[in-house]
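Q: Can you read through this structure? Questions will come right after.
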Amino acid sequence: MRYNRCSEVDENFWLDLAQADPEDIFRRTGVRRHQNALHVPFFNRELVADPDRRRIFLAAAPAEEPGFRRCLTTLLYLLFIDTSALGPPISPLELPGATMFFQKSGPHALPSGPLEERFGWDLAGFLEAGRRLGAENRAGGDGALAFPVFPGLTVEVILWQADEEFPAQVSFTVPSQLHRFWQLDAVLGLLGVVVKELLQAAAPRDE
């Protein structure tokens, strides 16, 4: 990961957010501005985006470093997403240009590997981590979880467990029209956010 901290996000996104029409943001996302800050539901928690101070933080942990991906996806969501036009879920590999952009390895690889390693033999742990994040159980694979990353923007993670013959496999879904609002590197960043949240919510292996 080239960038790690929220402070490394392009300042132009902050300038655009400071100048954005609060009513337009509310119309597209349902997120309202309170005391010049935006309170954004994030999984089952809340993020606060403060354009004046150029800060994004968890409401319950304001001193915690939120990380580059979390900040960038929050800003891109507030600036560009129209939840009424996101469409039904599809594989990110079905987005226009995805077969050229996403690779089997390297910086453009879908981040399924860490989840396959952690949950490949632990379906119960996968489902429990999802419960801790407020995910909805869905039909698919051996277990599937739909995560409300932001209001109206859902990412699904589908797990097929490992067995004696086949390794574990994880796949994702994203809204079919997400490419209308974000470039593919932002989609990849969104998946990285979901993976990080899932791994952090997982119980230690020896529990």
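Q: For the range 145-150, in order, what is each residue's ³J(HN,Hα) by Karplus, 6.51 cos²θ - 1.76 cosθ + 1.60 with θ = phi - 60°, in whole Hz (x at glycine and Pro)?
A: Result, ordered by residue: 10, 10, 9, x, 4, 9 Hz.
Q: How do 65-74, 17-26 rank on mean C-beta neighbours within 10 Å, highest first?
A: My ranking of the peptides, most packed first, is 65-74, 17-26.
Q: What FRET efficiency, computed as 1/(1 + (r/R0)^6) with R0 = 41 Å and r the Cβ-Cβ distance, is obtained for Y3 and R27, rounded to the nearest 0.05?
A: It comes to 0.85.
Q: Please get the size of the charge dipole for the range 6-80, origin at its Cα centre, with Cβ charges of +1 on Lys and Arg and -1 on Asp and Glu, quoted in debye to the nearest 20.
A: 260
Q: A further question on this structure: Could you check the spin-label model distance between K196 and L123? Points 7 Å from the Cα along Cα→Cβ, value in nm.
A: The two pseudo-label positions are separated by 3.0 nm.
Q: List the residues whose amide H sits under 5 Å from the amide H of I90, counting only those 5 or more places along or on another chain, with H placed 1.01 Å from N in the peptide plane.
A: It is V174, S176, by chain and number.
Q: Next question. Starting from the amide H of F150, placed 1.01 Å from N in the peptide plane, find each other amide H under 5 Å away whose residue is 5 or more places distant or on another chain.
A: F43
Q: For the range 94-144, with only Lys/Arg (+1) and Asp/Glu (-1) charged at the beta-carbon, what is the dipole magnitude about the Cα centre, in debye rounded to 20?
A: 120
Q: Based on Cβ point charges of +1 for Lys and Arg and -1 for Asp and Glu, what charge dipole magnitude is obtained for the chain about its Cα centre, in debye rounded to the nearest 20?
A: Rounded to the nearest 20 debye, it is 540 debye.
Q: Calculate the FRET efficiency for R55 and K104 from the Cβ-Cβ distance with a Förster distance of 30 Å, rounded to the nearest 0.05.
A: Taking R0 as 30 Å, the efficiency between R55 and K104 is 0.20.
Q: Cβ under 10 Å from F181's Cβ, F181 left aside: what net charge do those residues give with Lys, Arg +1 and Asp, Glu -1?
A: Cβ neighbours under 10 Å give a net charge of +1.
Q: Moving on. Towards the positive end of the charge dipole of the range 6-80, with charges on Cβ (+1 Lys, Arg; -1 Asp, Glu), say which of Y77, V31, V9 has the farthest Cα.
A: Value: V31.
Q: Moving to a separate point now. With all pairs of different alpha carbon atoms counted, what Kirkwood hydrodynamic radius in Å does the range 93-207 show?
A: Roughly 14.6 Å, rounded to one decimal.
Q: Grab the alpha carbons of the chain, take their convex hull, and tell me the volume per residue in Å³.
A: Spelled out: Cα convex hull of the chain, divided by residues, is 128 Å³.
Q: Next question. The range 115-207: which chymotrypsin sites (Phe, Trp or Tyr not before Pro) are DSSP loop and have at most 10 other beta-carbon atoms within 10 angstrom?
A: Filter output for the range 115-207: empty list.
Taken together, the values in this text are just the output of simple stated rules run on the coordinates, not laboratory data. Remember, predicted model here, so these are calculated numbers, not experimental data. Every residue, glycine as well, gets a Cβ built from its backbone with ideal geometry; the counts of neighbours run over all protein chains shown.
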